[in-house]
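Before any comments, here is the structure.
The values are calculated or read from the model by the stated rules, or taken from the named source; none is laboratory data. It should be emphasised that the depicted structure is a prediction, and the values quoted were computed from it without experimental measurement. Cβ coordinates were reconstructed from backbone atoms using ideal geometry, including for glycine residues, and neighbour counts include every protein chain displayed. Keep in mind that these areas ignore ligands, DNA and RNA; they rest on the heavy atoms of the full protein, side chains included. Shrake-Rupley method; radii C 1.70, N 1.55, O 1.52, S 1.80 Å.
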Amino acid sequence: MGGQRTAPVWCAVLLAFCTLWPAVGGAQNPDPEARTFIDALNQRRTTEGVPALRLNSKLLADAETAAAQLANSASLQLDLVAQKKRLRQARYPWRRITSVAANGAADPNRLLQAYLARDSVRKSLLSIDYSEVGVGIAAGGAASGEFWVVTLAEPYAAARPGWRSEVIEHVNRFRARNGLPGLVGNDTLDRMAQGHSEDMAARGYFAHDSPDGRTVGDRAAEAGYKFRTLSENLAGGKRRPGRVVEGWINSPPHREAMLNPDIEEAGVGYVFHPFDDATERLVHYWTLNMGKR
């Protein structure tokens, strides 16, 4: 059956407020003023019922680099492409990133209040969509004062342990609602599905047939699964097994495959690839093989 693709990517730039929507190591010792800013911001987030941000060393290092570049150029124009490249080189698995720049600020609390007065910036600073932060400060000229860069981010996260049994459980609940018996997990189908997910992630494609033309039937033959009935569902871009199965339920070809009365066994494969360089950055690669011997 055809694969399902979900990989939203947005990019917006507004003055010195820059957002990337696709595309931890080192010392965590920010400037004392940066720490004061983070503490004040987290206090405000807590007041608003939003979880506090965690200081991330890679975001800290990047914010410091960005602030130094702005000070050297005496500009507030953040380079989104360079930021994206630096963080990927640093192996930070960003899912969402927002950076805010300012200069002339002398007091962290006054700077925070100035940011909170701008509606678009306030929404990001107090958003539940971000969980990590880095703040960089660099000295500018006498006329410009300090340059600040505040970066908020949400990293990609892998599916939680137990994803294989969770997928089969959701599939079996769906089959039960339609009067069909549940599927039993099969180790050979698991290996087939896992191998295909790994191959898609490694080679940057999303399809039932591999670039060299190998089909699900070929993979079954290689694995020694002698089937009478065999089908395959693919999904990408979603982390939670329930959402993956929901997507298949809402897709007629995938739905039909899961409701086939002639299948008895299932295997699931999953790969988390946060540094996905494929044209369509899926990050999560799922394969469900279903069959009967």
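Taking the numbered list (1) assigned to a loop (DSSP other than H, G, I, E, B); (2) at pLDDT 95 or above; (3) of a type in the set (S, T, N, Q) in turn, Ser144 passes all entries but (2). Taken over segment 33-70, residues that are in contact with a strand residue (DSSP E or B) (Cβ under 8 Å, 6 or more places away or on another chain), in a helix (DSSP H, G or I) and of a type in the set (A, V, I, L, M) amount to 11.
Only one entry in Ala159, Ala138 is small (Gly, Ala, Ser), surrounded by 16 or more Cβ atoms within 10 Å (Cβ to Cβ) and either under 30 Å from Arg240 (Cβ atoms) or within 23 Å of the chain's Cα centre (by Cα) (or both), namely Ala159.
What single numbered condition from (1) over 29 Å from the mean Cα position of the chain (by Cα); (2) open to solvent by less than 10 Å² (accessible area, probe 1.4 Å) fails to hold for Thr188? Condition not satisfied by Thr188: (2).
Screening Trp286 against (1) hydrophobic (A, V, I, L, M, F, W, C); (2) closer than 30 Å to Pro93 by Cα; (3) out of contact with any Gly (no Cβ under 9 Å at 6 or more places or on another chain); (4) open to solvent by less than 10 Å² (accessible area, probe 1.4 Å) leaves a single unmet condition, (3). Any idea which residue in segment 210-252 is farthest from the chain's Cα centre (by Cα), counting only those that are in a loop (DSSP other than H, G, I, E, B) and under 14 Å from His170 (Cα atoms)? The qualifying residue farthest from the chain's Cα centre (by Cα) is Asn250.
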